[in-house]
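Have a look at the structure below, then the notes.
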Amino acid sequence: MNFDISHILDRWDYRPGEVMVRKIKGKDGQSRLQLRVDLGMLQMFAEGRPDGKRPNGFQSYYDFLVHQLDEHLAKHGSDETFRLNPESCTRLHLEALQYHHRYICLLQLGDHAGVERDCMRNLNVFDFVSRYAGSLELAWSLRQFQPQSLMILTRARATPLLRKKNPGKAIDEIQSGIQMIRDFYDELDRPDLRDQSLEIESLQNWLEDLRGKSAPRRKPTRREALEAQLEQAVRAENFERAAQVRDQLRNLKAPRSQS
């Protein structure tokens, strides 16, 4: 059997700086996503766990741990003694990266419902680890990715609203996303990380751009129109036209003062 995939890669050139993804049908009829990377290609299932595995018979390792928590609660009546060991946190981390790769692909394909599904799944994992990890360091190994997931989630929620020509609701979603990221850093008491957040900066820039586009344009006054014409005439070195516009500006009636 020939395992060389060069013939596939040769027909799909890698372009640096671009998210290159496509959706295909597998031989089993299930949809898969393919992500082109510099050294080859990543392939993942479009549904369920991205690698198609079922840890301990569950849809994901996270689902298995939630089942363990339920059993612990049924036996002890409380979750006070339930803790995640380092191995469990590492496996959750690696699994979350799979879902991260997939929601980046889905965002590129415009599957915003799929992006929201996978983002919310990872955010639930981060909350789970925050509550049950054996140490703050173990919890942070996953929670550090929470702002990024919140940013992608916000984009997945706001973009369809823009396509439906509802910029007001899109702006509300972006503001909500920014606030969720700020709340995350405030909960950690890390204003330094909040102020340096690239995720907040990205959403803030998007918000300001949308506000600029959605703001109603005021019709310029006669004076403003003439001043714009004067500037244009001077730039074009059309001094005769500039002189005419200056005369018109001088002849404008000054507004009467209110006594």
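The values are calculated or read from the model by the stated rules, or taken from the named source; none is laboratory data. None of the values given here were measured: they were computed from a predicted structure. A quick note on method: Cβ atoms are made from the backbone with ideal geometry, for glycine too, and the neighbour counts reach across all protein chains shown.
Here are a few things to note about the model shown:
- Residue tally, condition among the hydrophobic types (A, V, I, L, M, F, W, C), part of a helix (DSSP H, G or I) and more than 27 Å from the chain's Cα centre (by Cα), over the range 66-117: 3
- Residue list for the range 118-138, filter: over 17 Å from the mean Cα position of the chain (by Cα) and either in contact (Cβ under 8 Å) with a residue 60 or more places away in the chain or not in a helix (DSSP H, G or I) (or both): 125, 128, 132, 133, 134, 135
- Subset of the range 169-196 (residues that are touching a Leu at 6+ places or on another chain (Cβ under 9 Å), more than 16 Å from residue 144 (Cα to Cα) and not hydrophobic (A, V, I, L, M, F, W, C)): 169, 172, 173, 175, 177
Condition check ((1) assigned to a loop (DSSP other than H, G, I, E, B); (2) in contact with a helix residue (DSSP H, G or I) (Cβ under 9 Å, 6 or more places away or on another chain)) across all residues:
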{"residue": "36", "(1), (2)": "no, yes"}
{"residue": "43", "(1), (2)": "no, no"}
{"residue": "56", "(1), (2)": "no, yes"}
{"residue": "59", "(1), (2)": "yes, no"}
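- One residue stands out among those in the range 15-26 that are surrounded by 12 or more Cβ atoms within 10 Å (Cβ to Cβ) and modelled with pLDDT of 90 or more: the one that is nearest to residue 47 (Cα to Cα), which is 23.
- Taking the criterion of being touching a residue at least 40 places away in the same chain (Cβ under 8 Å) and surrounded by 18 or more Cβ atoms within 10 Å (Cβ to Cβ), the residues of the range 29-43 that qualify are 33, 35.
- Which numbered condition residue 54 fails, given (1) in contact with a strand residue (DSSP E or B) (Cβ under 6 Å, 6 or more places away or on another chain); (2) surrounded by 12 or more Cβ atoms within 10 Å (Cβ to Cβ): (1)
- Scanning the range 139-184 for residues that are among the charged types (D, E, K, R) and not in a helix (DSSP H, G or I) turns up 164, 165.
- First in the range 83-96 and under 18 Å from residue 70 (Cα atoms), second anywhere and among the aromatic types (Phe, Trp, Tyr), Cβ under 7 Å, 6 or more apart: 83/132; 84/132; 92/61; 92/62
- Failed item, numbered, when residue 229 is tested on (1) assigned to a helix (DSSP H, G or I); (2) assigned by TED's automatic domain parsing to the domain that holds residue 122: (2)
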